[in-house]
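Only one structure is covered here, and it is reproduced in the block below.
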Amino acid sequence: MISPKGHRVAFEYEDLHPSALKFDKGELLRGLMELCENAGVDMRFGHTAKYGKDDGKNITMQIRGENGEYDIEAKKLIIAEGVGSRLTKVFGLNDGRRFFGTPLICNYTLEGTHDIPHNSWIQYYGDVYHPFTEIMVGESSESEDALEFTVGGVNDMKPDMFFEKLRTESPLAPNLKDAKLIKKMACSVKSYVSLLKPYKGNVLSIGDSAAHIEVIN
Ligand SMILES: Cc1cc2nc3c(=O)[nH]c(=O)nc-3n(C[C@H](O)[C@H](O)[C@H](O)COP(=O)(O)OP(=O)(O)OC[C@H]3O[C@@H](n4cnc5c(N)ncnc54)[C@H](O)[C@@H]3O)c2cc1C
């Protein structure tokens, strides 16, 4: 972490062996998919679970696929729908759950930065960088030289605004003066407090849909 005055707080091993690994999530998912297929799991791509109900004995899920809509019946349901938690809400698990808001996140991949360490995960804190959250800088798999800058925002204060300030006015401006933007990705996150009880009846919610903050940390 780097403070507004440039003080550095580092969590690292003395011999600098890695404390975290970054890998391609697509590869991880391909590997998991293969394991599931080999185990005989019925995989259905391009299908959306639209709605469902739990009558106490059985779950009925309404599915939309390429050939239209149909129902699936099951004894139990595990929801792993990510941070939006829409089905988690349908089954009543979000009742009384605190909603933090919908932050916007933008990830800028830059080449040609100067004097920003690689193989690190750096968070820059303070108003000189961002008024209410940190700027995250980490390794990119795009090229040897590339680094990823993750910048948050909200609806009336878009990440682009803060990125522009970072590039031109912040203490990092000299490090970014020759940098080229080679990729930009964005998402919005519907952020809820973690579920203390992630199950109800025959339904269990897992991963980001149950505990987005815990999974990230
Ligand atoms: C910008 C960003 C950067 C991140 N960086 C990191 C990082 O560096 N390290 C880290 O550990 N974590 C990181 N995370 C968090 C990490 O991506 C999540 O914690 C993780 O992907 C959660 O996995 P999941 O399986 O619970 O949900 P997801 O990966 O979101 O998967 C949910 C899946 O369910 C599908 N789905 C949703 N609704 C339905 C429906 N109704 N019917 C059918 N399918 C549906 C979605 O299409 C998706 O494929 C980051 C997240 C963001 C947004």
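The values are calculated or read from the model by the stated rules, or taken from the named source; none is laboratory data. Please read these numbers as outputs of a predicted model, since none were measured by experiment. Note that each Cβ is placed from the backbone with ideal geometry, even for glycine, and that neighbours are counted across all protein chains shown.
Laid out as a table, the results:
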item	result
Which numbered condition ASN67 fails, given (1) under 16 Å from the mean Cα position of the chain (by Cα); (2) surrounded by fewer than 17 Cβ atoms within 10 Å (Cβ to Cβ)	(1)
Counted residues, region 103-125 - those being at pLDDT below 95, surrounded by 17 or more Cβ atoms within 10 Å (Cβ to Cβ) and assigned to a loop (DSSP other than H, G, I, E, B)	1
Enumeration of residues in region 85-120 that are of a type in the set (Asp, Glu) and either under 30 Å from THR60 (Cα atoms) or touching a strand residue (DSSP E or B) at 6+ places or on another chain (Cβ under 7 Å) (or both)	ASP95, GLU111
Criterion: closer than 20 Å to GLY84 by Cα, touching a Phe, Trp or Tyr at 6+ places or on another chain (Cβ under 6 Å), hydroxyl-bearing (Ser, Thr, Tyr) and within 15 Å of the ligand (Cβ to nearest atom) - qualifying residue of SER205, SER191, SER209	SER191
Residues satisfying the stated conditions in region 60-82, i.e. under 30 Å from PHE100 (Cβ atoms), away from the ligand (no atom under 14 Å from the Cβ) and not in a loop (DSSP other than H, G, I, E, B)	none
Among the residues listed as LYS165, LYS177, LYS183, the single one being within 18 Å of the chain's Cα centre (by Cα) and either farther than 27 Å from ALA80 by Cα or more than 13 Å from the ligand (Cβ to nearest atom) (or both)	LYS183
Tally, over region 19-44, of residues that are more than 30 Å from ALA173 (Cβ to Cβ) and part of a loop (DSSP other than H, G, I, E, B)	9
Pairs with Cβ under 7 Å, 6+ apart, first in region 116-134 and under 24 Å from LEU104 (Cα atoms), second outside any strand (DSSP E or B) and among the basic types (Lys, Arg)	none
Test: SER85 is hydroxyl-bearing (Ser, Thr, Tyr), within 14 Å of the ligand (Cβ to nearest atom) and on the phi < 0 side of the Ramachandran plot	no
Selected residue [within 12 Å of the ligand (Cβ to nearest atom) and over 16 Å from the mean Cα position of the chain (by Cα)] from PRO159, PRO103, PRO117, PRO198	PRO198
Boolean, GLY52 is within 12 Å of the ligand (Cβ to nearest atom) and surrounded by 12 or more Cβ atoms within 10 Å (Cβ to Cβ)	yes
Test: SER170 is touching a helix residue (DSSP H, G or I) at 6+ places or on another chain (Cβ under 7 Å) and either within 10 Å of the ligand (Cβ to nearest atom) or in contact (Cβ under 8 Å) with a residue 40 or more places away in the chain (or both)	no
